Amino acid sequence: MAYTVPTFNLSCNIWSGTALPPNPKRLTSVCNLAFGRRHHNEDEGFPHTLMYLLLPLLTDIRGSQGAPPAPDLVECPAGSGRHYLVMWVDDIGKGFANEHRVAGLAQTTIGGAWPTPIP
């Protein structure tokens, strides 16, 4: 059975690094917020376990590997108040029909404190 593109069952809001809420977001995208069976390297120095945001092919999301002046901020699900910093972005299945994008996310309060209880 071939690997398939994930179901994008949520939407997320994406802000450019310096344009944080309540400033206008850069885009809203369909997505899939996952933890799953992906590897987390403790030596990377991230303060929290990473979540993985799966996105459609070529979605404009920017990580810390090349987005001056700062990585993007994501709210997922859109409107929930759950904000994440984008640590890195890469593609899965590059060059194949099932290609899609993945972003490593770390929880943050930059967009405001998370609601309690967490929605």
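Data table
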{"read-out": "Which numbered condition residue 45 fails, given (1) crowded, with 16+ Cβ neighbours inside 10 Å; (2) modelled with pLDDT under 90", "value": "(1)"}
{"read-out": "Options 63, 81, 93; residue that is surrounded by 13 or more Cβ atoms within 10 Å (Cβ to Cβ), in contact with a His (Cβ under 7 Å, 6 or more places away or on another chain) and not polar (S, T, N, Q)", "value": "93"}
{"read-out": "Top-ranked residue of region 15-34 - restricted to ones that are surrounded by 15 or more Cβ atoms within 10 Å (Cβ to Cβ), touching a residue at least 40 places away in the same chain (Cβ under 8 Å) and not basic (Lys, Arg), ranked as farthest from residue 85 (Cα to Cα)", "value": "31"}
{"read-out": "Residue count, region 106-119 (criterion: without any contact (Cβ under 8 Å) to a residue 60 or more places away in the chain and surrounded by 12 or more Cβ atoms within 10 Å (Cβ to Cβ))", "value": "3"}
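The values are calculated or read from the model by the stated rules, or taken from the named source; none is laboratory data. This one's a predicted model, so the numbers in the text were calculated from it and none came from an experiment. Quick reminder, even Gly has a Cβ in these numbers, built from the backbone with ideal geometry, and neighbours come from all protein chains shown.
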